[in-house]
Amino acid sequence: MNIEALISKAAGEAVKTLYGMDATEKMLQLQKTRSEFEGNLTLVVFPFVKAAKKSPEQTAQEIGDYLVQNCTAIDKFNVVKGFLNLSIGDGAWLSLLQAIDQDDHFGTKQATEASPLVMIEYSSPNTNKPLHLGHVRNNLLGWSLAQIMEANGNRVVKTNIVNDRGIHICKSMLAWQKWGNGETPESSGKKGDHLIGDYYVLFDKHYREEQSQLQAQLVEAGMAPDEAAKRAKDEAPLIKEAHEMLVKWEQGDPEVRALWEKMNSWVYAGFDETYKKMGVSFDKIYYESQTYLKGKAKVEEGLKKGLFERHDDGSVWADLTNEGLDQKLLLRSDGTSVYMTQDIGTAEMRFQDFPIDKMIYVVGNEQNYHFQVLSILLDRLGFKWGKELVHFSYGMVELPNGKMKSREGTVVDADDLMELMVEDAYKTSMELGKFDDMTEEERREIARIVGMGALKYFILKVDARKNMLFNPEESIDFNGNTGPFIQYTYARIRSILRKAPLSSPEGDTIASALKTIEAPSGAVGGASLSDKEIELIQKMNEFGAAVEQAGKDYSPSGIANYCYELTKVFNQFYHDYSILNEPDADKRAVRLVLAKNVAKIIKNGMALLGIEVPERM
């Protein structure tokens, strides 16, 4: 039962009956009553004053009188100027609680075969290095967004595009050839992506040494320092060898291709392990080594149709000046592709594989312009979702000691970060005595859940559009707006429910509570529901609206904030009212239903963030 819809409909009937006015849905919107006034929901009556030909206060009074007489949900009302504050009766709140209790999917919509198909791209790693903190934010946002879109009744395809070609992987390959001595993940005991990343760093170390030596020689020979630096950057032997290797790869050289496949396979195995720890996965993975040729073909097709133009040097461009932008390079003069071309090719493959209705790219805000251009180009090329593609643009993650640089090996490695979070959760829980009476296996599993929950929640609670400072120490706190605080509340509720008798002559059961709810009087043990109990039911009832809004705004932070608010309201209620020690059996039973459903909504809400909740802590 939707109380807001019920009252809104009754209010519309009131306005029609009293004033002969057909009120629109927008006019009849209800809002939560401000805390300083009595009531649960407020109707603004100013839109009806003209038809009523009376003052706002008189209009509100008449509508209030009508609702008390004709809407069973309304118990009483008060008027503050043009605001009609409505108090909902206990019977309506209890019926709502029953509806919440009986709906395992409360607050979410189920997709059907006819539902829109939304494809979400996230992760997008390079194969020359392991995933780092920036990738963590990307993956967590992408996974959460997929769950939220699904909870709004969409069919969802989660996809990844792997940048597995180009000069970056050639640098790692060349370094391994020169200094690897046949080292493998098995022989070194390292994850494959870490091993390849080490060689990427090693290449850069030797490359910088060569640059420095060559620059010094050029300056000594009389060249200006700035020109010498540029020349050394382009002509250092290592970078020239890497470019030669890239040309061989483009030409399909069997030896280079075999090395490329072997080293990439090590990286993929490493990525899979990291994704599993992170709790994310994909329905379909695309590789740029397969999509860039498709992109080139699509650009050539657009060129023949007059959508693009070829310059005298043979390069192909898109003229976007009519859209207020500049000209965009699509193919270089030597025929090689750029990132934009590869994205066009990937879009072509995806469109062939899936009947996409909406495409969402989860990519950092430094690529805002890229996706503005991509949208225009895909629309020109006839992709029905091109013009309305969504760039889920997010800010960068910064550290207390500055930005990350993968070439210098100063990144915060995703695997190391997750291991640190889990270990910190273990130590903190031990210090607080939360692991008493548990086996070591249970402690380790709970530490994993809490540590990963702390990491995910800390990142996802921040508006994705903003840059953020990640501080692991702040994230693992059992108080405040943190993952562990919400997880601990869930575990506390589950502990209460485990202690509740399964049956009792006094009706100390959830089944008894439902009988109480179904009683015609709507009373609980002959007494009214407390304000805190009503507030809790009302907050639970807002879950569906929070899910819907998060889907409209593409906002995991909206779900995180809702879970925190619900947890705070429950803890305030639990501080003031006993559950298991309440002497009135019916009140005790209703409070058990309250607790049970708060736990259900916390679990379902946190799942939308990709966060697990432990049964005990």
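The values are calculated or read from the model by the stated rules, or taken from the named source; none is laboratory data. Everything quoted here is computed from the prediction, not taken from an experiment. Reconstructed Cβ throughout: ideal geometry from the backbone, glycine too, with neighbour counts over all protein chains shown. These area figures cover heavy atoms from the full protein model, side chains too; ligands, DNA and RNA do not enter into them. Shrake-Rupley method; radii C 1.70, N 1.55, O 1.52, S 1.80 Å.
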| What are the pairs, 6+ residues apart or on separate chains, where a residue within segment 415-427 that is open to solvent by less than 10 Å² (accessible area, probe 1.4 Å) has its Cβ under 6 Å from a residue that is modelled with pLDDT under 90? | A425/I476
| said: Being of a type outside the set (G, A, S), surrounded by 21 or more Cβ atoms within 10 Å (Cβ to Cβ) and at pLDDT below 95 is the requirement here; does L97 meet it? | reply: yes
| task | Among the residues of segment 327-348, write down those that are more than 30 Å from E398 (Cβ to Cβ) and surrounded by fewer than 17 Cβ atoms within 10 Å (Cβ to Cβ). | result | Q327, L329, R332, S333, D334, G335, T336
| field | Residue in segment 103-119 that is in contact with a helix residue (DSSP H, G or I) (Cβ under 8 Å, 6 or more places away or on another chain), more than 30 Å from E533 (Cβ to Cβ) and open to solvent by less than 10 Å² (accessible area, probe 1.4 Å) present | value | yes
| message | For segment 189-229: of the residues being part of a loop (DSSP other than H, G, I, E, B) and free of Cβ contacts under 8 Å to residues at least 60 places away in the same chain, which is surrounded by the most Cβ atoms within 10 Å (Cβ to Cβ)? | response | K190
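Being of a type outside the set (G, A, S), in a helix (DSSP H, G or I) and either within 21 Å of F271 (Cβ to Cβ) or without any contact (Cβ under 8 Å) to a residue 60 or more places away in the chain (or both) is the filter here, so list the residues in segment 148-178 that pass it.
E150, I167, H168, I169, C170, K171, M173, W176, K178
Mind checking whether some residue in segment 89-96 is in a loop (DSSP other than H, G, I, E, B) and touching a residue at least 60 places away in the same chain (Cβ under 8 Å)? Even if it seems obvious, please write down each step before you answer.
Filtering segment 89-96 for residues in a loop (DSSP other than H, G, I, E, B) gives 89.
Within this subset, residues satisfying the condition of being touching a residue at least 60 places away in the same chain (Cβ under 8 Å) are 89.
Checking segment 89-96: at least one residue is in a loop (DSSP other than H, G, I, E, B) and touching a residue at least 60 places away in the same chain (Cβ under 8 Å).
Among T59, T42, which is surrounded by 17 or more Cβ atoms within 10 Å (Cβ to Cβ), among the polar types (S, T, N, Q) and either free of Cβ contacts under 8 Å to residues at least 12 places away in the same chain or not in a helix (DSSP H, G or I) (or both)?
Selected residue: T42, the only one of T59, T42 that is surrounded by 17 or more Cβ atoms within 10 Å (Cβ to Cβ), among the polar types (S, T, N, Q) and either free of Cβ contacts under 8 Å to residues at least 12 places away in the same chain or not in a helix (DSSP H, G or I) (or both).
Quick check: anything in segment 302-317 closer than 30 Å to A414 by Cβ, β-branched (V, I, T) and in contact with a strand residue (DSSP E or B) (Cβ under 8 Å, 6 or more places away or on another chain)? Walk me through how you get there before you give the answer.
At the first step, the residues of segment 302-317 found to be closer than 30 Å to A414 by Cβ are none.
Within segment 302-317 (the criterion being closer than 30 Å to A414 by Cβ, β-branched (V, I, T) and in contact with a strand residue (DSSP E or B) (Cβ under 8 Å, 6 or more places away or on another chain)), the answer is no, since none of the residues qualifies.
Residues M263, M278, M245: which one is open to solvent by less than 30 Å² (accessible area, probe 1.4 Å) and in contact with a Cys (Cβ under 8 Å, 6 or more places away or on another chain)?
Numbers: M263 fails: in contact with a Cys (Cβ under 8 Å, 6 or more places away or on another chain); M278 fails: in contact with a Cys (Cβ under 8 Å, 6 or more places away or on another chain).
Within the list M263, M278, M245, the selection yields M245.
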| note | The residue that is farthest from M349 (Cα to Cα), considering only those in segment 296-316 that are in contact (Cβ under 8 Å) with a residue 60 or more places away in the chain and touching a helix residue (DSSP H, G or I) at 6+ places or on another chain (Cβ under 6 Å), is L307
| message | Just to be sure I understand the filter: pairs with C-beta atoms under 6 Å, separated by 6 or more residues or on different chains, first member in segment 448-463 and aliphatic (A, V, I, L, M), second member outside any helix (DSSP H, G or I) and at pLDDT 95 or above. Which pairs pass? | response | I449/E612; I449/P614; L460/L609
| task | Being open to solvent by less than 20 Å² (accessible area, probe 1.4 Å) and part of a loop (DSSP other than H, G, I, E, B) is the filter here, so list the residues in segment 452-475 that pass it. | result | A464, F470
